[in-house]
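The values are calculated or read from the model by the stated rules, or taken from the named source; none is laboratory data. Keep in mind the model is a prediction, meaning the values are calculated, not measured. Neighbour counts are summed over all protein chains in view; Cβ atoms, including those assigned to glycine, are modelled from backbone coordinates with ideal geometry.
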Amino acid sequence: MNKTLLPAPDDLVHRHAQPGRTLLAVLHAIQDETGFVPPDTVIPLAKALNLSRAEVHGVISYYHHFRTSPPAAVTVQLCRAEACRSMGSEALAGHIEAHTGCRFAPTQTHTHGHGGETGHEHAAELALESVYCLGQCALSPAMTINGTLHAKVTPQKFDALLDAAVSTAGNAKEAA
């Protein structure tokens, strides 16, 4: 979907807040459609689901998966849990930061910093996120790039995966 032309908040809520659907299900559906949960959907969601604005906002801000702003063109999520750490994820994180010129946030937060100019030969908006367990402990270190899971990631494998993701993002941007 073209992220610059978002549906009206009331339309999003009407489309997804169907009887019997939980707040989490509705938030996932909205984020799947738009790439994030627009902040101006909080009030219509609260009304539609008979919740307070604080309850809706609390769920959005509690779960790290939900975003309140459009995602970067390329989002790298690196597992920083114990199994991946024991298999080199911290060294891989250092390589990723050096290679991209971006930094991982020191802790997992809802609003992730974007790298802007990456220092990478391709100019692309990049976000680096720490996550804690991708369920690939036997195949660590693990990461996702734009939601696609990758296991046994080495610095060389990361470089190739990032090049492909940046190229794909650039092609999508040109097509839009």
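Could you please let me know if Ala46 is touching a His at 6+ places or on another chain (Cβ under 9 Å) and buried (at least 20 other Cβ atoms within 10 Å of the Cβ)?
No.
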Give His110, His114 a once-over and let me know the one that is at pLDDT below 95 and out of contact with any strand residue (DSSP E or B) (no Cβ under 9 Å at 6 or more places or on another chain). His110
Would you point out the residue of segment 1-41, among those that are β-branched (Val, Ile, Thr) and under 13 Å from Arg67 (Cα atoms), that is surrounded by the fewest Cβ atoms within 10 Å (Cβ to Cβ)? Thr34
Quick one: Ala93 ticks every box in (1) farther than 24 Å from Glu174 by Cβ; (2) surrounded by 20 or more Cβ atoms within 10 Å (Cβ to Cβ); (3) among the small types (Gly, Ala, Ser); (4) modelled with pLDDT under 95 bar one, so which box is it? (4)
Only helices (runs of 4 or more DSSP H) wholly contained in segment 1-60 count here; list those with 1 or more residues that are modelled with pLDDT of 95 or more, over 30 Å from Ala169 (Cα atoms) and in contact with a Lys or Arg (Cβ under 6 Å, 6 or more places away or on another chain). 42-49
